[in-house]
Structure formats: structure tokens, C-alpha cells
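Q: Take a look at this one; I'll ask things after.
The values are calculated or read from the model by the stated rules, or taken from the named source; none is laboratory data. Everything quoted here is computed from the prediction, not taken from an experiment. Here the Cβ positions follow ideal geometry from the backbone for every residue, glycine too, while neighbour counts run over all protein chains shown. Calculation scope for accessible area: heavy atoms of the full protein, side chains included, ligands and nucleic acids excluded. Shrake-Rupley method; radii C 1.70, N 1.55, O 1.52, S 1.80 Å.
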Amino acid sequence: TFQNSTIENSYISANVWGIYDVNPENVIINNDTISANIFGIDFDGNAINNYIENSNVNANIFGIKINNGNNNYIENNIINANIFGINLGSSGNTINNDTIYVGSVFGLYESSPNNISNVVTYGGIFGLYIVGNATNISSYNSQLGISINGQGYIQNLTVSTGSIDISYNGNAFINYASGYPSTVNPGNGITYNYAEGILLIGSPTANITFINVPSATSYVVEKIVGGIGNVISTNTTFSPSGFGVYALYYS
């Protein structure tokens, strides 16, 4: 149990815990390599005002785990080949400018809202499991994509594979999601090109907006699972209604 301390420029490998601290406060973990442990960095008890930054956290079961507490900062880290990349059990923390690579079941998992920005995940089953606000988040090559839950505001979301599972009260702004058809004939003789789509689970009350799409003369959102030709919006913002694959077509 240590507080008001700094651990930096260290290499910690092949233990049960890389770094384990109960009730940490004002602890700085900087420029460390934490590798091949069961728990890479584990803050237990009530963690307040701690920094995990500029570190490599590799091949652990839990890369970075914070059970409880607030005002903790996880910034500028490379997190690779962990089962859980970052696992947060409390709110009021900041996760910024972190890159999470393959090997994760969850790249980033949170059960309460936190301040999340500039986080990129590669691979895993779920790239991101988000509750609350997030800005500039991306998931590439995960099996199931992203799960967004709770309420808040998602700004600039990019997904390359899988789906976007939304059960959410708020606004989500979708940059790109691949794996959807490039053309579709909605049944009225008009063909739209360049589909970008999302999968909705449940009946969210959020408004969904596609952004950063090329300039076009027309935009149509269709529910392509649950009735082809079901045009529900003629612009890039729409209010979804229940389960389905919704795609934005523009030409």
C-alpha cells in the first residue's frame, strides 16, 4: 500500500501482479514496461488522483485494472495482447491517447461513465465497451465491434469490422463501418452507392448521425434488414426504431 510515489523506467515481468496497490493516491507510473503478469497494473480499494502514462503493458490477463475511485489518468500508453486491455469499474477517470492492440477480449471495458478520448483498439472480440461520453474512438478488426450503452454523447466513432451495438440514450456520430453492400436497389428504381452501416440492438432513443461522408447530391438511410426499400430518413441523421441493420447510402 503506497501513496505519493513514482514508479518509472522499470521492467516488471512474469509475476502474479506487476504493480498492485491498495488505496493508491498521487501515484505516478511512468515509462514502465509491465509484461506477462496475471494483473499488469491493478489499483484496488479507492484509487484517487493517480497517473498511468507513457508505458507499455503487454501480455497480461488484465492490462490496467482500476476497481474503484476517480480522477485517475491513463494516458499515452501502448497496451498489447492482454485479455482485458483497460478495465474500469468506476467513473470520473480520464482515458486519453491510448492504443490497444490485438489479443484482447475487451480492448477497453468500462461499467461507469468516464472521460474517454483518442482511444484506438485493434483486434479482440469487443474492441470497446462504452458507457457514457466518448470522443474520437476507433475499433479496427474486432470480431464484434463496439458496444455502446447507457447515455451520453459519442463524437467521432470509427469501426472497421463487426457491428456497432447501441442501447443508448443520447447522440452517436458514426464515421465509418465496413462490411455492408456498396450498392442497393431499394425497390423504387433508384440505386445508391457507398453504403455505410450500423447494427442496432434493442430500441434506443438516440439520434444517429453519419459524419465525414463524401459530398453527394442525395443521402438516404435505409433499414436494410427488416424490409428492403424501407427508407427512414433522407439525410445523414435519423432516429432508429428497434433492431436492424441501418445503412446510409449517398450518390
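Q: Once fully extended, how much extra length lies between Ala14 and Asn71, figured as 0.36 nm per residue of separation less the alpha-carbon to alpha-carbon distance? Don't skip to the answer; put the middle values down first.
A: Numbers: separation 57, 0.36 × 57 = 20.52 nm, distance 2.92 nm.
My answer for the length gained is 17.6 nm.
Q: Name the residues whose placed amide hydrogens come within less than 5 Å of the amide hydrogen of Ser5, ignoring near sequence neighbours (fewer than 5 apart) on the same chain.
A: Amide H neighbours of Ser5: Val27, Ile28.
Q: Same structure, new question: Could you please put Tyr122, Tyr250, Tyr11 in sequence from largest to smallest accessible area, using a 1.4 Å probe?
A: Greatest to least solvent exposure: Tyr11, Tyr122, Tyr250.
Q: Also: With viscosity set to 0.890 mPa s and temperature to 25 °C, compute the Stokes-Einstein D of the chain, Rh being the Kirkwood radius across alpha carbon pairs; µm²/s, no decimals.
A: Approximately 130 µm²/s, per Stokes-Einstein.
Q: Let me ask you something else. With a 1.4 Å probe and all protein chains left in place, how much of the accessible area of the chain comes from carbon and sulfur atoms, in whole percent?
A: That share works out to 49 percent.
Q: Let me ask something additional. Tell me, what is the per residue accessible area of the range 1-119 in Å², probe radius 1.4 Å?
A: Values: 4640 Å² over 119 residues.
Solvent-accessible surface per residue comes out at 39 Å².
Q: Say the dipole of the chain comes from +1 at the beta carbon of Lys and Arg and -1 at that of Asp and Glu; which of Thr33, Ala59, Asn193 then lies farthest toward its positive end?
A: Asn193
Q: Still on this structure, please answer the following. In debye to the nearest 20, how big a dipole does the chain give about its Cα centre with +1 on each Lys and Arg Cβ and -1 on each Asp and Glu Cβ?
A: The calculated dipole for the chain is roughly 700 debye.
Q: Oh, and also: Run the numbers on the chain and let me know its relative contact order in percent, using alpha-carbon pairs under 8 Å that are six or more apart.
A: Dividing the mean separation by the residue count of the chain yields 9 percent.
Q: Report the local net charge at Trp17: Lys and Arg +1, Asp and Glu -1, summed over other residues whose C-beta lies under 11 Å from its C-beta. Intermediate results must be reported in sequence, preceding the final value.
A: Working: positive: Lys65; negative: Asp21, Asp42, Asp44.
Summing Lys/Arg as +1 and Asp/Glu as -1 gives -2.
Q: Along the Cα-to-C-beta direction of Ile78, a point sits 7 Å from the Cα; which residues of the range 36-61 have their amide N less than 14 Å from that point?
A: In the range 36-61, the label zone of Ile78 (backbone N under 14 Å from the point 7 Å along Cα→Cβ) covers 54-59.
Q: Extension gain Asn169-Asn56, at 0.36 nm per residue separation less the Cα-Cα distance, in nm?
A: 37.2 nm
Q: Hey, another quick one. Using a basic spin-label model with each label point 7 Å from the Cα along Cα→Cβ, how many nm lie between Asn4 and Ser91?
A: 3.1 nm
Q: Here's another thing I want to ask about it. For Thr234, Thr121, Thr33, Thr1, write out the residues from largest to smallest accessible area, computed with a 1.4 angstrom probe and no ligands counted.
A: So, going from the largest accessible area down, we get Thr1, Thr234, Thr33, Thr121.
Q: Can you give me the long-range amide H partners of Gly123? Hydrogens built in the peptide plane at 1.01 Å from N, cutoff under 5 Å, separation of 5 or more residues or another chain.
A: Here the answer is Tyr140, Asn141, Ser142, since their amide H atoms fall under 5 Å of that of Gly123.
Q: Counting only Cα atoms, I'd like the Rg/Rh figure for the range 18-147, Kirkwood definition for Rh.
A: Working: Rg = 12.8 Å, Rh = 13.8 Å.
Answer for the range 18-147: 0.93.
Q: Residues with amide H under 5 Å of Asn23's amide H, sequence separation 5 or more or different chain, H placed in the peptide plane at 1.01 Å from N; which?
A: Those qualifying (amide H under 5 Å, at least 5 residues apart or on another chain) are Asp44, Gly45, Asn46.
Q: Where in the range 70-91 does the label zone of Gln143 land, with the point 7 angstrom along Cα→C-beta and an amide N cut-off under 16 Å?
A: 81-85, by backbone N distance to the label point.
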